[in-house]
Amino acid sequence: MATTPRRPLGNPTKGAHLIGWLGHDTQTASVLATAQLHLKLRGVVEQALPAAMRGAFDVLKIEQSTLTLMVSSAAFAAKFRQLAPRVITQIQAAGWNLLEIKLRVQGGLGIPVAAQPPREARALDQQDLKTFEALTHQLRPGPLADAVARLLAHHQPSQGQEPRPASTRGETPEVPARQTHK
């Protein structure tokens, strides 16, 4: 009686490369090699770029001594052209024989959104309010004095009276209106 070999329990690809199956066929093996080449070159280019620009391009093709990149916008392309000499130097230092970079603008790539740091705000305590109160007595009448008075009025408990500006309109010099030529 013949027995069939048992399949190992667990993940059948454990220990194997996830895309190793591409190497079994010559055509798919060349696709895999090209993809790996493009990923390596993309990493080298990313190292030469500022952090904000790193995700807004893809390697399109490599022909002879020319690298063609697909970029997300014309603005990115303009900035990239300024950095191109530095990028080419970085590529050559990594061992690639590329002398020129061509850009193609493709609008759907999407630029990564830079993560904004969390807002650090705290409520003003009584000591802060006393410090701003002392500051109002040291300021000359003007827009800064008005802003500090509004800040104090906003943080004081309402007593039924309207806050008085630190300076009056007559005391604050006004900016002349812009003249438009028609």
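Please compute one quarter of the surface area of the Cα convex hull for the stretch 29-105 and express it in square nanometres.
Over every viewing direction, the Cα hull of the stretch 29-105 projects on average to 4.7 nm².
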Point to revise | Net dipole in debye of the stretch 29-105 [+1 Lys, Arg Cβ; -1 Asp, Glu Cβ; about Cα centre; nearest 20] | key: 140
Study note, to complete from the structure: The set of residues whose placed amide H lies less than 5 Å from the amide H of Val105, leaving out same-chain residues fewer than 5 positions away, is Val71
**Study point:** Extension gain, His38 back to Gln64 (0.36 nm per residue minus Cα-Cα distance, nm)
**Key:** 7.9 nm
Review point. Of the beta bridges DSSP finds with both residues in the stretch 29-105, what % are antiparallel, to the nearest 5?
Key: 50
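No lab work stands behind these numbers, since they all come straight from the coordinates. As the structure is a prediction and not an experimental result, all values here were calculated from the model. Here the Cβ is made from the backbone with ideal geometry for all residues, glycine too, and neighbour counts use every protein chain on show.
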